[in-house]
Amino acid sequence: MLKALSRHREEAEKRPSGACGEGRTGDAVSLEFSGEIWEWRGPAPFYFVTVPEEQSQAIKSAERFLTYGWGMIPVKVRIGKTEWKTSLWPKDGLYVVPLKDKVRQAEGLGAGQTVEVWLEVGKDERE
């Protein structure tokens, strides 16, 4: 999986600027990991799962071909039976997956629980 992201980056670097979506390939790469749900307590609380270091570094190495700005990486995510589109947020050298209330409620999830996360990275999932 990590080799695929490196290959994705290398293939994109060979393309002329602007080819295939600013140097991005149309291919997506899937990643799977487990992580603990944590809560950020701000004016509007948010819940996240942190992408582990190894996967975060692989994504970071291809970031310039994946981001739409500010280091945000569009992805498709699945936890349990729930799948949705969002963007990874950069935080402290890693990435975090924001968990929508709708997802947490559908899967019965809360802070402190460990979940299995599937990500599809590599194409603009906002479309």
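Here are the numbers for this structure:
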quantity: Count - residues of region 29-81 that are among the acidic types (Asp, Glu) and closer than 17 Å to residue 111 by Cα; calculated: 2
quantity: Residue 31 of a type in the set (A, V, I, L, M, F, W, C), at pLDDT 85 or above and assigned to a loop (DSSP other than H, G, I, E, B); calculated: no
quantity: Of residues in region 81-110 being loosely packed, with under 14 Cβ neighbours inside 10 Å and among the small types (Gly, Ala, Ser), the one farthest from the chain's Cα centre (by Cα); calculated: 108
quantity: Residues satisfying the stated conditions in region 64-80, i.e. surrounded by fewer than 19 Cβ atoms within 10 Å (Cβ to Cβ) and in contact with an Asp or Glu (Cβ under 7 Å, 6 or more places away or on another chain); calculated: 68, 71, 76, 80
quantity: Residues located in region 87-122, provided they are in contact (Cβ under 8 Å) with a residue 40 or more places away in the chain, part of a strand (DSSP E or B) and not aliphatic (A, V, I, L, M); calculated: 89, 91, 95, 98, 114, 116, 118, 120
quantity: Residues that are in a helix (DSSP H, G or I) and of a type in the set (Gly, Ala, Ser), drawn from region 44-72; calculated: 56, 58, 61
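The values are calculated or read from the model by the stated rules, or taken from the named source; none is laboratory data. Because the structure is predicted, anything quoted here is derived from the model rather than measured. Every residue, glycine among them, receives a Cβ derived from its backbone with ideal geometry; neighbour counts consider all protein chains shown.
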